[in-house]
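Note sheet for the following structure.
The values are calculated or read from the model by the stated rules, or taken from the named source; none is laboratory data. As the structure is a computational prediction, the values presented were derived from the model and not from experiment. Because the Cβ atoms are built from the backbone with ideal geometry, glycine has one as well, and the counts that use them run over all protein chains shown. Side chains included, ligands, DNA and RNA excluded: accessible areas come from the protein's heavy atoms. Shrake-Rupley method; radii C 1.70, N 1.55, O 1.52, S 1.80 Å.
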Amino acid sequence: MTTIVSVEVSDVRFPTSVDLDGSDAMNKDGDYSAAYVVIRTDDPGLSGFGFTFTIGRGNDVCVLAARLRGRPLVGRTVAEVTGDLGAVHRELASDSQLRWLGPDKGVEHLALAAVMNAVWDLAARAAGKPLWRLLTDMTPTELADAADLSYLSDVLTREEAIRLLTERAPTRDRRIAELTATGYPCYTTSAGWLGYSDAKLRRLCQEAVDSGYRHIKLKVGGNLEDDIRRLRIAREVIGYGDARLMIDANQVWDVPEAIAWVRALAPFEPLWIEEPTSPDDILGHAAIRRAVAPIGVATGEHGMNRVLFKQLFQAEAIDYCQLDAARLASVNEVIAVLLMAAKFGVPVCPHAGGVGLCELVQHLSVFDYVAVSGSLEGRVTEYVDHLHEHFTDPCVVRDGAYVLPSAPGYSAELHPASAAAYRYPDGAYWAGRGGA
């Protein structure tokens, strides 16, 4: 029997702050980073890879937490771990001494995401399937058993989950064939980082249009006059009509300020305002949504767990659900949020960008359409053109759509040379600079 012999976790940081890639009103100079997990087995040809995403300092804390999260897996057989992915998730999540540090939030939850992402990658590789296919081949009962449905029965019972999944099951193959032909629609944030010059913004918007994108997102919230000028430039390039422009404030406003600021930007017809205020302020999001309609409200990349999303849905606080593959506790919790979103009729447009998040969320979006929501209405997944060259199975985007991944796994493996060069603080890049 193939056995897990180690769970290795390393601190990998990329110097994106140098060119202000990823800059926004809240996070001005992040270095995109990963607490990178490798589950080794005694079969040299079979490992599992996963990570959680941070933006620099503090990634070392996530690494320490992930090492603790991964310890119980060592010595177990791959068949045992991958044979009941719901049970493994529940066991790791219920470690009471680690859970105390959350619970279900913060560093201990990020660490759980990193380890369980590697477990799901291991399961998909062992099955010889890309993760989305592993999920879409699971029965409704198997998916419900894998999902973390704890604390959700007031809005979603296990029986409801199975019923919803069963309704979609007969037409899964048709939707897979459709996505194989067309890809999954995405939008780009690569043009809109707040630290970019007007000239760079204009050039990148034009490049996005030329590449087939009809959805482009800009960061806002630093200065209103600057935002008006930048949105005007974007609209000059992409036009109006079916060209969609989204804006993202990255949590910088109080509720009244958010309402006033978004109203000032309304002439540019944004499709949504993303993260207008604290990610935990459910009632604040609901108030903003009522005040700025028909502009939609989107949030979720900092959504700490399924319970927060439950309340966002209950309070009718958002128009778009932007779950994050590395902040929720991996696929188990993602499935639960996707099921609730489908029940409440809220489109899921996952957060990506970062380092490796695009690689992960493409699988989740495909699974959502094929097995859960059955709809592409109002759905578009984020894409940012940074750092993909460091992955062994990088995502591919053509004509504004993700091409379905075909390699086994969760697309989470870094090239060994990249992981070594950017390991902090002793990798070749950082050692020559004395650390960050």
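Give the residues of segment 228-240 that are in contact with a strand residue (DSSP E or B) (Cβ under 8 Å, 6 or more places away or on another chain) and either crowded, with 19+ Cβ neighbours inside 10 Å or farther than 16 Å from P267 by Cβ (or both), sorted by residue number.
Passing the criteria: R230, L231, A234, I238.
For Y213, work out the one condition from (1) modelled with pLDDT under 95; (2) buried (at least 20 other Cβ atoms within 10 Å of the Cβ); (3) touching a Leu at 6+ places or on another chain (Cβ under 9 Å) it doesn't fulfil.
So the condition that Y213 fails would be (3).
Pick out the one residue from E359, E316, E333 that is open to solvent by 10 Å² or more (accessible area, probe 1.4 Å) and charged (D, E, K, R).
Values: E359 fails: open to solvent by 10 Å² or more (accessible area, probe 1.4 Å); E333 fails: open to solvent by 10 Å² or more (accessible area, probe 1.4 Å).
Only one candidate qualifies: E316.
Looking at C186 and the list (1) within 25 Å of R306 (Cα to Cα); (2) out of contact with any Gly (no Cβ under 7 Å at 6 or more places or on another chain); (3) crowded, with 22+ Cβ neighbours inside 10 Å; (4) of a type outside the set (K, R), which single condition is not satisfied?
Evaluating C186 over (1) within 25 Å of R306 (Cα to Cα); (2) out of contact with any Gly (no Cβ under 7 Å at 6 or more places or on another chain); (3) crowded, with 22+ Cβ neighbours inside 10 Å; (4) of a type outside the set (K, R) leaves (2) as the failure.
What are the residue pairs meeting all of these: first residue in segment 29-45, first residue more than 18 Å from S10 (Cα to Cα), second residue surrounded by fewer than 22 Cβ atoms within 10 Å (Cβ to Cβ), Cβ atoms under 6 Å, and 6 or more apart or on different chains?
Listed pairs, sorted by first residue: D29/S17; G30/I55; G30/G56; D42/T3; D42/V5; D43/T2.
For segment 283-302, give me the residue count where each residue is open to solvent by less than 50 Å² (accessible area, probe 1.4 Å) and closer than 21 Å to L110 by Cα.
Matching residues across segment 283-302 total 3.
For the structure I just gave you, tell me whether P394 is without any contact (Cβ under 8 Å) to a residue 24 or more places away in the chain and open to solvent by 20 Å² or more (accessible area, probe 1.4 Å).
No: the conditions fail for P394.
Which pairs have Cβ atoms under 9 Å, sit 6 or more apart or on different chains, and link a residue in segment 256-274 that is open to solvent by 60 Å² or more (accessible area, probe 1.4 Å) to one that is in a strand (DSSP E or B) and basic (K, R)?
Cβ pairs passing all conditions: E269/R244.
For residues in segment 143-162 being aliphatic (A, V, I, L, M) and more than 23 Å from the chain's Cα centre (by Cα), which is surrounded by the most Cβ atoms within 10 Å (Cβ to Cβ)?
I162
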